[in-house]
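Report on the following structure.
Only the coordinates and a few stated rules stand behind these numbers; no lab work does. Just so we're clear, the structure is a prediction, and the values are computed from it rather than from any experiment. For neighbour counting, all protein chains shown are included, and Cβ atoms are generated from backbone atoms with ideal geometry for every residue, glycine included.
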Amino acid sequence: MDPSQERLLRSMHAAGVRRMPAPRAGRPAPPQPGPRATPAAAAQRERAVSGSAPGLFAAPRLASLPPVADPEAELAAVAREVEACRACKLCGTRTRAVPGEGATRARIVFVGEGPGADEDRTGRPFVGRAGQLLDDIIVKGMQLQRADVFICNVVKCRPPGNRVPEPDEAEACAGFLDRQLAAIRPAVICALGATAVRRLLRDDRPLGALRGRTWDYRGVPVIATYHPAYLLRNPSAKVQTWQDIRRVMELARKA
Ligand code: SF4
């Protein structure tokens with residue numbers, strides 16, 4: 001017996017292990033748990049500790065579904081359907097529908113509430129003052145380009161007077177957002193404001209109660225933070241937003 005085997009036997013003996021069962025011939029030894037958790041297992045444990053979206057337990061995890069064969073074609077199809085959609089009353093007041101835009105394989109997806117006046121006019125998400133602030137967060141804060149991420153909203157047509165989308169409108173539009181997220185399969189979703197949080201997490205608690213933890217949308221981590229429009233009115237909340245954005249970046253790096 002060489003010295004290393006002797007040391008191993010001594011330490012097993014000290015730990016109370018008297019005899020190791022010999023693996024049966026022709027049958028592989030059962031896998032032993034490794035000393036270090038994989039990043040995916042660690043992330044899952046963290047989400048379990050942090051919390052999950054109660055309304056989405058029945059929905060399959062995105063990772064358990066076959067990947068969308070052509071995400072670019074699927075996103076283009078969603079955009080075409082959004083532009084023709086008349087499933088809720090917001091179609092009657094929109095100038096242009098705003099499906100969303102960005103990288104087909106984005107690691108980070110930002111989900112806001114709904115288009116405002118500038119978005120309704122241009123057909124693009126987050127292009128007004130709030131959009132400029134989101135651009136600053138992406139470019140100056142995250143050191144990314146807008147084209148590196150995907151940006152969209154819970155409802156794809158502007159609610160009149162920028163009011164909060166009504167529950168039936170958010171529900172009517174839900175399938176489009178679900179399909180976008182299934183096509184992209186991001187590493188992390190950043191929910192901007194209470195409407196996005198409510199839609200993704202099916203959780204009606206105020207945003208302040210949901211910030212600072214990692215949530216779950218069909219197996220994808222979700223970070224809740226303030227909507228840029230709120231930050232324009234409450235600049236002091238930028239400090240907390242930056243904490244949330246750092247967490248988004250951390251999750252995007254880890255996944
Ligand atoms: Fe259709 Fe959504 Fe626009 Fe309503 S908000 S008309 S569901 S695309």
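Every residue in segment 181-192 that is crowded, with 23+ Cβ neighbours inside 10 Å and either touching an Asp or Glu at 6+ places or on another chain (Cβ under 8 Å) or of a type in the set (D, E, K, R) (or both), please.
Answer for segment 181-192, where residues must be crowded, with 23+ Cβ neighbours inside 10 Å and either touching an Asp or Glu at 6+ places or on another chain (Cβ under 8 Å) or of a type in the set (D, E, K, R) (or both): 183, 190, 192.
Residue 209 - would you say it is closer than 12 Å to residue 111 by Cβ, out of contact with any helix residue (DSSP H, G or I) (no Cβ under 6 Å at 6 or more places or on another chain) and surrounded by fewer than 17 Cβ atoms within 10 Å (Cβ to Cβ)?
Criteria not met by residue 209.
Can you tell me which residue is surrounded by the most Cβ atoms within 10 Å (Cβ to Cβ) among those in segment 125-145 that are touching a residue at least 40 places away in the same chain (Cβ under 8 Å) and not charged (D, E, K, R)?
Out of the qualifying residues, it is 126.
From 82, 78, 68, which residue is under 16 Å from residue 185 (Cα atoms), within 16 Å of the ligand (Cβ to nearest atom) and not basic (Lys, Arg)?
78
For segment 168-206, give me the residue count where each residue is of a type outside the set (A, V, I, L, M, F, W, C), away from the ligand (no atom under 11 Å from the Cβ) and out of contact with any strand residue (DSSP E or B) (no Cβ under 7 Å at 6 or more places or on another chain).
Kept after step one, since they are of a type outside the set (A, V, I, L, M, F, W, C), are these residues of segment 168-206: 168-169, 171, 175, 178-180, 185-186, 193, 195, 198-199, 202-206.
Still in the running and away from the ligand (no atom under 11 Å from the Cβ): 178-180, 185-186, 193, 195, 198-199, 202-206.
Okay, now just the ones that are also out of contact with any strand residue (DSSP E or B) (no Cβ under 7 Å at 6 or more places or on another chain), so 178-179, 185, 195, 198-199, 202-206.
Matching residues across segment 168-206 total 11.
For segment 144-255, which fully contained helices (runs of 4 or more DSSP H) count at least 2 residues that are at negative phi and under 18 Å from the mean Cα position of the chain (by Cα)?
Passing ranges, in order: 167-184, 194-201, 207-210, 238-254.
Hey, among 60, 99, which residue is part of a loop (DSSP other than H, G, I, E, B), in contact with a Phe, Trp or Tyr (Cβ under 9 Å, 6 or more places away or on another chain), over 16 Å from residue 227 (Cα atoms) and not aliphatic (A, V, I, L, M)?
99
Is it the case that some residue within segment 153-167 is within 16 Å of the ligand (Cβ to nearest atom), farther than 26 Å from residue 80 by Cβ, basic (Lys, Arg) and crowded, with 20+ Cβ neighbours inside 10 Å?
no
Based on this model, can you work out whether residue 131 counts as within 15 Å of the ligand (Cβ to nearest atom) and either touching a helix residue (DSSP H, G or I) at 6+ places or on another chain (Cβ under 9 Å) or over 22 Å from residue 193 (Cα atoms) (or both)?
Answer is no for this residue.
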